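Report on the structure given below.
The values are calculated or read from the model by the stated rules, or taken from the named source; none is laboratory data. As the structure is a prediction and not an experimental result, all values here were calculated from the model. Quick reminder, even Gly has a Cβ in these numbers, built from the backbone with ideal geometry, and neighbours come from all protein chains shown. All accessible areas refer to the heavy atoms of the entire protein, side chains included, with ligands and DNA or RNA removed. Shrake-Rupley method; radii C 1.70, N 1.55, O 1.52, S 1.80 Å.
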Amino acid sequence: MKANRMEAFSDGVLAIIITIMVLEFKLPEGHDWYALIGLGPKILSYIFSFVYIGIYWNNHHHLLHMVRKVHGRLMWLNLLLLFWLSLIPFTTAWMGESHFAPTPTALYGIILLLSALSYRLLQLAIIKQHSGDSSFVVSMGKDWKVKLSPFLYLIAVFTAYVSPWIPCFFFVLVAVIWFVPDKRIEHALRGQ
């Protein structure tokens, strides 16, 4: 199978995830601007998740352009990533509904952690597939973002029980780190 089939399937799943998140919004009870204030935590958790899904979509798109052929292991690792990402709407809704209570916020961080680890496994499988291209393997092996993110998510999970703002800081920090897609992939693609 060509990588574009797996990419198209993944794009569809990510689009459905965003759709599910937006459908979680209920109309405010009032008819003025104050009615929206009560939705603040839900809107904030939605923004976090929308940005995260967008970041995964963007980086996943870049990563899959490196794949020459898709084999069963890549398909399963991709499904594992999509599985964890598909739980984001649930944790987004719970975190927003609870006004960033410790357990829902910690669970949100755990889901982000497991998504990050799944992305890394997919990335490692693609690196292994390119083991004959030493420049690609060397450049992809120096991925500080993918190594730092799980550590920051762990801090977010454990600090969720201290204050809701600390994990939010780490969620934003990781999003900022990943906002720009991996330039190494673009350089490797230009070199092919």
Give region 78-90 a look and list any residue that's free of Cβ contacts under 8 Å to residues at least 40 places away in the same chain and closer than 17 Å to Tyr46 by Cα, or say none. Trp84, Leu87, Phe90
Return the residue satisfying two criteria in turn: it lies in region 62-82 and is in a helix (DSSP H, G or I) and modelled with pLDDT under 90, and of such residues it is nearest to Glu7 (Cα to Cα). Leu64
Residues in region 151-168 that are exposed (fewer than 14 other Cβ atoms within 10 Å of the Cβ) and aliphatic (A, V, I, L, M) total 1
Residues Leu107, Leu113, Leu44: which one is in a helix (DSSP H, G or I), in contact with a Gly (Cβ under 9 Å, 6 or more places away or on another chain), closer than 30 Å to Val162 by Cα and open to solvent by 10 Å² or more (accessible area, probe 1.4 Å)? Leu44
Return the total of residues in region 10-35 being more than 16 Å from the chain's Cα centre (by Cα) and open to solvent by 70 Å² or more (accessible area, probe 1.4 Å). 9
